[in-house]
Each structure stands twice: as structure tokens, then as C-alpha cells.
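Report on the structure given below.
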Amino acid sequence: MPDHVLTAGAAAAAPTRTASAARRTSGAAVEPQRVCARFHAAIELIGARWTGAILRVLLTGRLHYSQIRESVPGLSDTMLAQRLRSLETEGIVAREVLSTAPPQVEYHLTDKGRALEPVLDAVREWAQRWYPDPSASHIG
């Protein structure tokens with residue numbers, strides 16, 4: 001086993017040191033970890049522009065198209081329609097046509113979509129800690 005791989009026993013002996021930290025500080029040559037195809041596909045899907053904001057809004061419940069659009073400033077009709085179609089195709093969002101006159105459409109997260117809540121919460125927490133507030137003025 002290479003020196004830079006942290007074993008379970010070593011992890012127990014040094015609980016504050018992660019395997020990646022051990023690799024960075026060991027001085028040994030580090031082989032980059034190959035990106036898993038599933039991870040890559042998932043991060044491309046949820047990381048597409050506007051998608052995270054749309055998913056965050058849909059975590060509040062069933063919403064009409066206009067409610068989603070109004071909740072995400074700067075989101076165009078075209079982009080919202082594209083993202084909703086993509087998320088629907090992936091089984092993350094469900095589209096339901098209501099039997100009203102005139103017909104109305106609601107969007108909501110499927111179980112698969114709701115399973116993203118902890119991921120979106122983690123991104124929100126990271127952003128709160130590390131990302132500057134875009135509405136704050138940076139006049140120097």
C-alpha cells in the first residue's frame with residue numbers, strides 16, 4: 001500500500017487528519033483520483049446554471065411556473081423551461097397538469113429530487129461561510 005494512503009487504523013490514530021490532508025502533506029507523489037462517471041453526471045446536472053436555485057425554490061413545495069420564475073431573479077422564461085424539462089427528464093421534478101379551467105401546471109420535486117435537500121443545504125452552508133454576499137457593496 002502506498003505511503004500516502006491513510007488506512008483505517010491510521011485514521012483512528014489521527015482523527016483530525018483526513019486522507020486527502022495526509023496525501024497533501026506526506027511529500028509523496030500524489031496520483032489524482034479518477035472522477036467517477038456517476039459523480040460527474042450528477043454534478044453537471046445539479047451544477048448547471050440556475051438549476052440549484054430552481055431546486056431550492058421547489059423544496060418549498062408544489063409551485064406554478066410563474067411562482068418559480070418570480071422566486072429566482074434574473075431567470076428567463078426560456079431558461080426556466082429548459083431546466084424544468086431537463087429535471088423532469090431526469091426524474092427530479094414532476095410536472096402535473098391540474099384539471100382546472102383554464103388548465104394550470106404545478107411542479108414539484110419527486111422523491112429523487114427531495115433527496116437532494118441535504119446536498120443543497122450543504123451548498124447553502126458553504127456559501128454562507130465562504131462566498132461573499134453578492135448584494136454587498138465593495139466600494140474601496
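Just so it is clear, none of the values below were taken in a lab; they were calculated from the coordinates. Computed from a predicted model, the values in this text were never measured in an experiment. Counting neighbours? That spans all protein chains shown, and the Cβs are built from the backbone with ideal geometry, glycine included.
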log10 I(q)/I(0) for segment 49-130, Debye formula on C-alpha points only (no solvent), q = 0.12, 0.16, 0.19 Å⁻¹, two decimals, reads -0.35, -0.60, -0.83
Ordered by fewest other Cβ atoms within 10 Å, a rough proxy for footprinting exposure, ILE54, ILE43 read ILE43, ILE54
Relative contact order in percent for segment 49-130 (Cα pairs under 8 Å, 6+ apart) equals 32
Burial-style ranking of 80-89, 31-40, average other-beta-carbon count within 10 Å with highest first, yields 80-89, 31-40
